[in-house]
Amino acid sequence: MVDFELSKLLNYWITHNNSHIRNMEKWITRIKNSVSEEIGEKLIDAIQHLNEMNNLLESIKIHEETIKYDKTTEKMKTQQVKSSVDTLKTIKTFRLKQIGVIRTPYTDNAPYQPIQEDQGLFKIVIDPQYVEGIHKLEQFRYIYVLYYVHRIIQNPRNVISPSWTEGMNVGIFASRSPVRPNLIGLSVVQVKKISNDTIFTTGLDVFDETPLLDIKPYIKDLDSKCDANYGWIEDLDEYEHLLLHIKGIPHDY
């Protein structure tokens, strides 16, 4: 608003001075002839000063317009930055810290789900700076283990066909597929014992040296839902047989 008023004032002063200049030029010859040659010359000097003043006012006007342009440009840049930030907000990225490593016997193949009685050494080694974080964890029988599925190389798809469904298509979030937009895995395992920085567990369904992201205690009643169902799996033929495959339970048929 201030810039706009200054622009109006500058235009008014320049126009006003031009009006005086034209009026003086109209009368200057008559004044020289009827009043005084000297006064006429002084009026010529006054006209020159008015022209110089207008030149100065014109330079101020140009400077004022430059300031307005710079402010407009800066505002546009700010809006562009804000637009870019808003765009970035729609595509959020997060950084996760590795807090340890999971050690298992699996280097080439791993089961689809944790197997309670699986053979071999399964342990979670906590990084030194997080060891205090497992204080009293041994008082819980089961834990959630969250990890980064670092061996996945496929690109995720929104709709998949689990191999054991014989062609049924389901949404990725309606499945337990490890190939997901965020390669975060989750397993529930039993704690056997904890020694210093190491948690010994029952079978884990991950490859050896899988990066550990988090551990949470599995709490009775809070985490066990007695009315949970099998969702779309119940619609499959012989789904009870398929459940054995899903759970990784050995069977003869």
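May I ask you to list the residues in segment 208-223 that are assigned to a loop (DSSP other than H, G, I, E, B), touching a residue at least 40 places away in the same chain (Cβ under 8 Å) and of a type outside the set (Asp, Glu)?
Passing the criteria: Tyr218, Ile219.
How about segment 26-57: which of its residues are under 28 Å from Lys8 (Cα atoms), in contact with a helix residue (DSSP H, G or I) (Cβ under 7 Å, 6 or more places away or on another chain) and at pLDDT below 80?
Of everything in segment 26-57, those that are under 28 Å from Lys8 (Cα atoms), in contact with a helix residue (DSSP H, G or I) (Cβ under 7 Å, 6 or more places away or on another chain) and at pLDDT below 80 turn out to be Asn54, Leu57.
For segment 228-244, does any single residue satisfy the condition of being polar (S, T, N, Q), out of contact with any Phe, Trp or Tyr (no Cβ under 6 Å at 6 or more places or on another chain) and either more than 30 Å from Lys123 (Cβ to Cβ) or modelled with pLDDT of 80 or more (or both)?
Step one: filter segment 228-244 for residues polar (S, T, N, Q), giving 229.
From what is left, the residues that are out of contact with any Phe, Trp or Tyr (no Cβ under 6 Å at 6 or more places or on another chain) are 229.
If we keep only those that are either more than 30 Å from Lys123 (Cβ to Cβ) or modelled with pLDDT of 80 or more (or both) too, we end up with 229.
Looking for residues that are polar (S, T, N, Q), out of contact with any Phe, Trp or Tyr (no Cβ under 6 Å at 6 or more places or on another chain) and either more than 30 Å from Lys123 (Cβ to Cβ) or modelled with pLDDT of 80 or more (or both), one finds at least one in segment 228-244, hence yes.
The values are calculated or read from the model by the stated rules, or taken from the named source; none is laboratory data. Owing to the predicted nature of the structure, the values given are computational and were not obtained by experimental measurement. Methodologically, a virtual Cβ is constructed for each residue, glycine included, from the backbone with ideal geometry; neighbour enumeration extends over all protein chains shown.
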